[in-house]
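One structure below.
The values are calculated or read from the model by the stated rules, or taken from the named source; none is laboratory data. No experiment lies behind these values; they were computed from the predicted model shown. Virtual Cβ from ideal backbone geometry, glycine too; neighbours counted across all protein chains shown.
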Amino acid sequence: MTLAIGDKAPVFNCKNQRGDDIALTDLQGKKVILYFYPKDSTPGCTVQACNLRDNYDDLIAQGYVVFGVSSCSEKRHNNFIAKNSLPFDLLMDEEQTLQNQYGVWQLKKTFGKEYMGTVRTTFVIDEQGVIEQIINKVKTKEHWEQISEA
């Protein structure tokens, strides 16, 4: 399934790093940044998360709620948050349900080896649950700037 700007965002219900349920339907009236990344504590993912952390006050001021999503466990998420002082929730998607809904769990190729993995992608969802922006070519060091430029 390929999502496009203007599409209704797929509804989800996931657990965050504390085991709390997070559902898109509970976020009606809020702007949501849903960013998918491959793995906690890897260089690119850390740079991306820290870029959003460093600009978090601006995100909040503009009415955004931020969620990172990966296949990592609750323990890995909690370690990643603590190590990098992340002020936003990370959602657990160990079965890739949410990643499949959003079309980011795809065949990847590295050094000639093919495998399934998360394609780094960010979705900005408006207050009515409609996809307002899709960032496919995420620049980890400038991610906030990519979001704010749209």
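For segment 73-81, the criterion of a residue being surrounded by 20 or more Cβ atoms within 10 Å (Cβ to Cβ), of a type in the set (Phe, Trp, Tyr) and in contact with a Ser or Thr (Cβ under 6 Å, 6 or more places away or on another chain) is satisfied by at least one position.
Yes/no per residue for (1) at pLDDT below 95; (2) touching a Lys or Arg at 6+ places or on another chain (Cβ under 7 Å); (3) closer than 20 Å to LYS30 by Cβ; (4) of a type outside the set (Ser, Thr, Tyr):
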position: ARG53; (1), (2), (3), (4): no, no, yes, yes
position: LEU59; (1), (2), (3), (4): yes, no, yes, yes
position: ALA82; (1), (2), (3), (4): no, no, no, yes
position: LEU86; (1), (2), (3), (4): no, yes, yes, yes
position: GLN99; (1), (2), (3), (4): no, no, no, yes
position: GLY112; (1), (2), (3), (4): yes, no, no, yes
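Here is the figure for segment 21-65: residues that are among the polar types (S, T, N, Q) and within 14 Å of ARG120 (Cα to Cα) total 3. Per the listing ALA9, ALA49, ALA23, ALA61, the residue uniquely farther than 16 Å from SER85 by Cβ, crowded, with 17+ Cβ neighbours inside 10 Å and of a type in the set (Gly, Ala, Ser) is ALA9.
Within segment 127-143, which residues are out of contact with any strand residue (DSSP E or B) (no Cβ under 8 Å at 6 or more places or on another chain) and of a type in the set (Asp, Glu)? Selection gives GLU142 alone. Going through GLN99, GLN106, GLN62 one at a time, which residue ends up being farther than 20 Å from CYS45 by Cβ and not hydrophobic (A, V, I, L, M, F, W, C)? Answer to the selection: GLN62. In the set (1) in contact with a helix residue (DSSP H, G or I) (Cβ under 7 Å, 6 or more places away or on another chain); (2) touching a residue at least 60 places away in the same chain (Cβ under 8 Å); (3) not basic (Lys, Arg), the condition left unmet by PHE123 is number (1). In segment 87-141, the qualifying residues are those that are closer than 20 Å to ILE5 by Cβ and acidic (Asp, Glu), and the one that is surrounded by the most Cβ atoms within 10 Å (Cβ to Cβ) is GLU132. Whenever a residue of segment 100-116 is closer than 24 Å to ALA9 by Cβ and free of Cβ contacts under 8 Å to residues at least 60 places away in the same chain, its partners that are in a loop (DSSP other than H, G, I, E, B) and of a type in the set (Val, Ile, Thr), lying with C-beta atoms within less than 9 angstrom and at least six residues away or across chains, give the pairs TRP105/VAL119; GLN106/VAL119; LYS108/VAL119.
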